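Structure first, then comments.
Bear in mind these aren't lab numbers, they're just calculated from the coordinates by the rules spelled out. In this text, all values refer to a predicted model and were calculated from it rather than measured experimentally. Cβ sites come from the backbone with ideal geometry, for glycine too, and all protein chains shown count toward neighbours.
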Amino acid sequence: MRLEEARCRRLLEGADHGSLATRHAGRGVDAVPACFAVDGSDLAIPVDLVKPKSSVRLTRAANLDADPRAVLLCEHWDPDDWSVLWWVRAWLERRTADTGERAHFESLLRAKYAQYAESPFADLSVFRITGVSGWSASPQ
């Protein structure tokens, strides 16, 4: 069943991770797992220094430089109980954040993910949520 916007936003805010999809000029859709924090109509995705990377200049950043639009897909799966399945899609547009906003989102990310408590971020992408949609197997 289709979800109303308010429920989509609640599920999005409560999700622990999602898949971020950006558009790569040569390959098309480029999807990667992502941690995130939501504050009202804004969402932030970090480039952390906790997990190994070949570079902190990630392909998703180059993709967003070319096209600031993205999609974040969050879902809940239970192989034994399909009555609790749901997914939420958030349409995003990257925007510039000032130093205070970046600090605010960094604190939200540190509160949400214990792994970030003592680690600086290499970068932070801030997005405006331009729309949400979702589906659930159950009406609750």
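Quick notes on this one:
- Taking a ≥ b ≥ c as the square roots of the eigenvalues of the Cα gyration tensor, an a/c ratio of 1.5 or more together with a/b larger than b/c marks segment 26-107 as prolate.
- For segment 81-140, the set of GluC sites (Glu not before Pro) satisfying both a DSSP loop assignment and a count of at most 10 other C-beta atoms within 10 Å is given as 118.
- Segment 10-140, relative contact order [Cα under 8 Å, separation at least 6], %: 30
- Here is how the number arises for the chain: DSSP H runs of 4 or more residues each give -39500 (n - 2.57), the sum is divided by the residue count, and the result at 222 nm is -7000 deg cm²/dmol.
- Once both labels are positioned 7 Å from their Cα atoms along Cα-to-Cβ, the gap between residue 98 and residue 5 label points is 2.6 nm.
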